Every structure is written in C-alpha cells, then in structure tokens.
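Trainee: Below are the structure tokens for one structure; questions will follow.
No value in this document is a laboratory result; all are computed from the given coordinates. All figures in this text were calculated on a predicted structure; none of them were measured in a lab. When we count neighbours, we look across all protein chains shown, and the Cβ atoms used for this are built from the backbone with ideal geometry, even at glycine.
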Amino acid sequence: MNKDQVKGVAKDIAGKVQEEAGKLVGSKEQQVKGVGKQISGKTEKAFGDAKEVIKDANKHS
C-alpha cells in the first residue's frame, strides 16, 4: 500500500464523517463538503492503486 492509497482512504472516511455530521446538524454545506472529500479521496486512492499496478507490472517484466 502506498501513501496515495492511505491518504485517499483517510479522505474518504473523513468525508463520510463530515457528511453525516452535516446531516445531523442540518447543514447542507457540510454535507456537500463531505461528499467532495469522499470524491477526492476515492480519486486519490484510485491513483495510488494505479501506481501499485504499474509497480507490480514492472517487477514481473
């Protein structure tokens, strides 16, 4: 697991927490920010996943 994968998962989790907190207090702004963090986290994790695939492919070639 590389740093992009770890940071991506952390952002995704933080975004879920922020979205739920926004729901609890009735803040659409916080909900939207939370969803944005989740999207950013998923994107960063996918980038990290791609780096791992390339690294593994280079090991086996």
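Trainee: Give me the residue from the stretch 12-61 that is loosely packed, with under 14 Cβ neighbours inside 10 Å and not in a helix (DSSP H, G or I) and, out of that set, nearest to the chain's Cα centre (by Cα).
Mentor: Going through the qualifying residues, I end up with G26.
Trainee: In contact (Cβ under 8 Å) with a residue 24 or more places away in the chain, out of contact with any Leu (no Cβ under 9 Å at 6 or more places or on another chain) and not charged (D, E, K, R): does that describe Q31?
Mentor: no
Trainee: Which of (1) out of contact with any Lys or Arg (no Cβ under 8 Å at 6 or more places or on another chain); (2) in a helix (DSSP H, G or I); (3) among the hydrophobic types (A, V, I, L, M, F, W, C) does M1 not meet, given it meets every other one?
Mentor: (2)
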